[in-house]
Amino acid sequence: MFIHLQAAADLLNSNQVVAIPTETVYGLAAKATSNDAVAKIYALKNRPSFNPLIVHVHNLEAVDDFADFSQKAKACCAFFWDQQSPLTVVLPLKEGHLISPLVTAGLQTIAVRLPHHALCQDLLARTGPLAAPSANVSNTLSPSNAELVQQSFKEKCPPILNGGACTVGVESTILDLSTKTPQILRPGGVTKEMLDAYFKEDIPFIHTKNIKAPGQMKVHYSPGCPVFLNKVHCEQGEVLLAFGPNAPDDALNLSPTGDLVEAASNLFKYLAILAQQNPKAIAVMPIPLHGMGAAINDRLSRAAALTFF
Ligand code: TXA
Ligand code: MG
């Protein structure tokens with residue numbers, strides 16, 4: 001069911017969950033201060049309770065209410081958020097904060113981001129901070145439009161504030177600023193190149209087996225069939241997810257011109273379209289690793305991990 005802005009705000013303010021648009025992917029939102037509301041997110045998504053959520057804020061000032069926001073971290077957020085870049089930062093939790101402990105899953109840190117989707121901004125102005133993971137059942141594809149939210153939850157689908165297709169199409173970059181030096185926990189809409197340029201140093205990707213950012217868990221983003229990477233053509237029964245100008249004309253192509261930003265915006269939608277054809281497997285053409293290619297390859301390699309289980 002699609003609902004209007006005020007109805008969405010009213011539901012959220014009475015501790016119900018609503019699927020909301022952001023520029024990256026749709027989120028399954030609940031009031032970040034309400035245990036009851038946040039518990040509904042975990043139940044609906046079937047998400048392990050040790051996997052913490054991102055808090056979405058209306059403006060930079062709101063972060064001070066619940067996180068220790070150093071000058072350095074504040075400057076970094078101001079820089080990227082002012083230019084509407086999808087950056088999530090992990091910060092130390094502030095003493096006396098009112099965020100539900102379910103949001104942080106018991107960690108002493110909190111992940112926060114400022115979404116720029118206009119409808120989402122209007123909503124946050126009416127609700128205050130919202131906890132929101134991606135609006136899909138755990139371990140399945142993230143939804144880059146409202147229809148994909150419906151497809152994921154089926155009859156259990158929460159009310160949706162429909163804000164159209166997400167322009168970025170992959171989740172925010174998660175940057176850990178609670179550690180001595182910044183670390184990228186999840187590649188996303190803000191590239192490593194952008195972060196290196198901002199900090200004037202090499203900002204490493206951290207690949208940890210510990211649950212620091214469980215979006216990093218190996219099996220994630222499963223489209224429901226095997227995925228093979230770096231293929232130039234497919235075997236019988238398989239379907240090809242193409243990229244770039246050297247692809248067969250009849251294949252679904254993430255970006256015929258080889259534009260990685262365009263490819264990211266099409267990624268989850270095209271995986272869902274191909275999965276619906278019930279193929280033996282999805283064969284994906286090689287995609288460069290630089291820029292947005294890091295996030296695309298990260299999501300694809302997690303989708304492919306299913307193949308080895
Ligand atoms: O673009 C996005 O980030 C989307 C939209 C809806 O905002 N949200 C999203 O949420 O991708 P989710 O739950 O699918 O991914 C959140 C990631 C998880 O990998 C979680 O482990 C990590 O953020 N995370 C949350 N709090 C954390 C913390 N305190 N320290 C480290 N990682 C954290
Ligand atoms: Mg997710």
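Where a number appears in this text, it was derived from the coordinates with a stated rule and is not lab data. Keep in mind it's a predicted model, so treat the numbers as computed, not measured. Because the Cβ atoms are built from the backbone with ideal geometry, glycine has one as well, and the counts that use them run over all protein chains shown.
Some observations on this one:
- The convex hull drawn around the Cα atoms of the chain, when projected onto a plane and averaged over every direction, covers 15.2 nm².
- With contacts taken as Cα pairs under 8 Å at a separation of at least 6 residues, the chain carries a relative contact order of 20 percent.
- Full extension of the chain between F228 and L98 yields a length gain of 42.3 nm, computed as 0.36 nm times the residue separation minus the alpha carbon distance.
- Simple spin-label estimate for A165 and D196 in nanometres, 7 Å along Cα-Cβ: 3.1 nm
- The percentage of C-alpha pairs in the range 219-286 whose separation is greater than 15 Å is 48%.
- Cα-only Debye scattering, the range 12-64: base-10 log of I(q)/I(0) at q = 0.22 Å⁻¹: -0.92
- Of the residues G293, A135, N46, the one whose Cα sits farthest toward the positive end of the charge dipole of the chain, with +1 on the Cβ of Lys and Arg and -1 on the Cβ of Asp and Glu, is N46.
- For the range 146-300, the Cα gyration tensor yields ellipsoid semi-axes of 28, 20, 15 Å (square root of five times each eigenvalue, largest first, whole Å).
- FRET efficiency for the N15 to D82 pair, using the beta carbon distance and R₀ = 45 Å, is estimated at 0.90.
- Ranked by the mean number of other Cβ atoms within 10 Å per residue, highest first, peptides 220-230, 13-23, 94-104 order as 13-23, 220-230, 94-104.
- Taken as Cα centroids, the range 270-309 and the range 98-161 sit 23 Å apart, rounded to the nearest whole angstrom.
- Most mobile listed residue (S134, S255, S70) in the chain, GNM with C-alpha springs under 10 Å: S70
- Only Lys, Arg (+1) and Asp, Glu (-1) charged, at Cβ; the chain dipole about Cα centre in debye: 800 debye
- R0 of 30 Å, Cβ-Cβ distance F205-D64: FRET efficiency to nearest 0.05: 0.55
- Order of K280, K200, K45 - criterion: other Cβ atoms within 10 Å of each residue's Cβ, fewest first: K200, K280, K45
- A Gaussian network model of the chain, with springs between Cα atoms under 10 Å, assigns the largest mean-square fluctuation among T257, T140, T24 to T257.
- Entry note: the range 1-153 has Rg to Rh equal to 0.94, where both radii use alpha-carbon atoms and Rh is the Kirkwood radius.
- For the pair Q71 and N139 in one chain, pulling the backbone fully straight at 0.36 nm per residue adds 20.9 nm over the alpha carbon distance.
- The listed peptides 77-85, 165-173, 243-251, ordered by packing as a protection proxy, come out as 165-173, 77-85, 243-251 (highest mean of other Cβ atoms within 10 Å first).
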